[in-house]
1. Only residues that are surrounded by 15 or more Cβ atoms within 10 Å (Cβ to Cβ) and in a helix (DSSP H, G or I): list them for the stretch 64-83, please.
2. Please pick out the residue among GLY35, GLY61 that is under 18 Å from PRO211 (Cα atoms) and in a helix (DSSP H, G or I).
3. Looking at the stretch 87-104, which of its residues are of a type in the set (A, V, I, L, M, F, W, C) and open to solvent by less than 20 Å² (accessible area, probe 1.4 Å)?
4. Quick check on the stretch 126-138. Is at least one of its residues at positive phi and either open to solvent by less than 10 Å² (accessible area, probe 1.4 Å) or touching a residue at least 40 places away in the same chain (Cβ under 8 Å) (or both)?
5. Can you tell me which residue within the stretch 163-181, out of those that are without any contact (Cβ under 8 Å) to a residue 60 or more places away in the chain and closer than 27 Å to CYS272 by Cα, is surrounded by the fewest Cβ atoms within 10 Å (Cβ to Cβ)?
6. Give just the number: which of (1) at pLDDT below 85; (2) surrounded by fewer than 19 Cβ atoms within 10 Å (Cβ to Cβ); (3) among the small types (Gly, Ala, Ser) does GLY35 not satisfy?
7. Considering every residue within the stretch 61-83, establish whether at least one is within 19 Å of ALA224 (Cβ to Cβ) and under 20 Å from the mean Cα position of the chain (by Cα).
8. Could you check the stretch 221-232 and list, in sequence order, the residues that are assigned to a helix (DSSP H, G or I) and either open to solvent by 50 Å² or more (accessible area, probe 1.4 Å) or within 12 Å of THR45 (Cβ to Cβ) (or both)?
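The values are calculated or read from the model by the stated rules, or taken from the named source; none is laboratory data. Just so we're clear, the structure is a prediction, and the values are computed from it rather than from any experiment. For neighbour counting, all protein chains shown are included, and Cβ atoms are generated from backbone atoms with ideal geometry for every residue, glycine included. The protein model used for the area step is the full one, side chains on, heavy atoms only, and it has no ligands, DNA or RNA in it. Shrake-Rupley method; radii C 1.70, N 1.55, O 1.52, S 1.80 Å.
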Amino acid sequence: MTDSVGESGGLGHVVERAADVLSTYFVVWILLGSGLALYSPATFTPLGDHISLMLGIIMLGMGLTLTVEDFRRVLERPRDVFIGAAAQWLCMPLFAYLLVALLGLPWELGIGLLLLGAAPGGTASNVMTYLGRGDVALSVTITSVTTIAAPLVVPAWIVLLAGEEITVTFAAMAEEIVLIVLIPVVAGLLLRILLDRYAPAVAKAGLTVFPAISVLAIVLIVAAIVGLNVEEIFAASALVFLAVIIHNALGLGAGYGIGHATGMAEDRARACAFEVGLQNSGLAVALAVAFFDPLAALIPALFSVWHNVTGPALATVFTRMDDESTPAYKPTVASD
């Protein structure tokens with residue numbers, strides 16, 4: 001019996017360690033996957049037919065990380081949640097619209113930036129908030145709120161900003177978002193409730209493994225889109241890369257600035273920065289492929305790579321700020 005337990009524990013440790021490596025070096029895998037897709041696009045292009053499925057897996061994993069307690073926080077701290085969600089809903093779509101106009105991006109590329117701007121916060125924001133010593137509970141709550149509202153918010157922005165230039169209906173896009181985002185998140189939440197009640201050990205294992213599965217799925221999504229758009233990436237003008245860089249920077253800066261301007265504590269302002277600046281680019285990619293020209297997925301795909309560079313970089317800046325401050329900063333563990 002002892003040997004069996006030891007072997008099980010050893011295997012569990014190996015799996016946990018492997019999952020930790022996958023999650024910790026997220027940006028490395030993104031860059032590696034993108035590089036391989038540029039070198040051998042045919043290897044990854046077949047994955048393009050499964051982007052929605054992979055995004056659904058990511059959203060299921062997000063649901064597994066949530067608890068009823070996370071949603072109770074919405075009622076306990078509605079002000080900061082509302083500010084963070086409103087900043088994300090308003091800033092990023094408007095920034096995208098202005099950049100499309102100012103940079104003169106062609107329609108096929110511009111709609112991709114609009115989709116990216118209208119998308120909810122991504123799960124990467126929760127990870128970066130943790131790494132940057134921000135308020136993780138607030139980050140998770142804002143991500144949950146913006147994700148659940150996505151079937152209404154995203155189509156509304158696209159119809160408003162793109163107007164007569166699109167033939168996609170509000171209902172069709174809302175239905176797609178419900179299928180690949182909302183249903184998997186709710187399913188993950190319900191599964192978490194059942195596992196916590198009847199199989200807590202399995203729930204604990206799932207929380208260890210699923211973040212790594214989500215990382216792998218995101219890497220494959222990015223690689224698929226890079227593979228599908230190799231020629232366009234090499235031919236892309238500096239304006240495309242500039243649009244991605246500026247959009248991300250404006251989001252991070254606006255989120256942090258709005259957080260402080262509205263009186264949030266430092267850790268909550270950091271959470272707000274990541275929530276506004278790091279979008280669910282996987283959803284934008286899926287919608288671009290499903291409803292528009294495949295070229296529309298180019299900017300969201302590039303954003304997937306770029307924000308996984310700037311996110312850890314900003315988290316590092318925040319931690320260094322703490323290390324250099326006197327007395328040492330201690331992030332909020334439990335608020336209100």
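1. Once the filter is applied, which keeps residues that are surrounded by 15 or more Cβ atoms within 10 Å (Cβ to Cβ) and in a helix (DSSP H, G or I), the stretch 64-83 yields LEU64, THR65, ASP70, PHE71, ARG73, VAL74, ASP80, VAL81, ILE83.
2. Result: GLY61 is the single residue among GLY35, GLY61 that is under 18 Å from PRO211 (Cα atoms) and in a helix (DSSP H, G or I).
3. First pass over the stretch 87-104, keeping only residues of a type in the set (A, V, I, L, M, F, W, C): 87, 89-92, 94-96, 98-103.
Within the stretch 87-104, ALA87, MET92, ALA96, LEU99 qualify.
4. Yes, the stretch 126-138 has at least one match.
5. Taking the candidates together, the pick is VAL178.
6. (1)
7. yes
8. Going through the stretch 221-232, the residues assigned to a helix (DSSP H, G or I) turn out to be 221-228, 230-232.
Result: ALA223, ALA224, ILE225, VAL226, GLY227, LEU228, VAL230, GLU231, GLU232.
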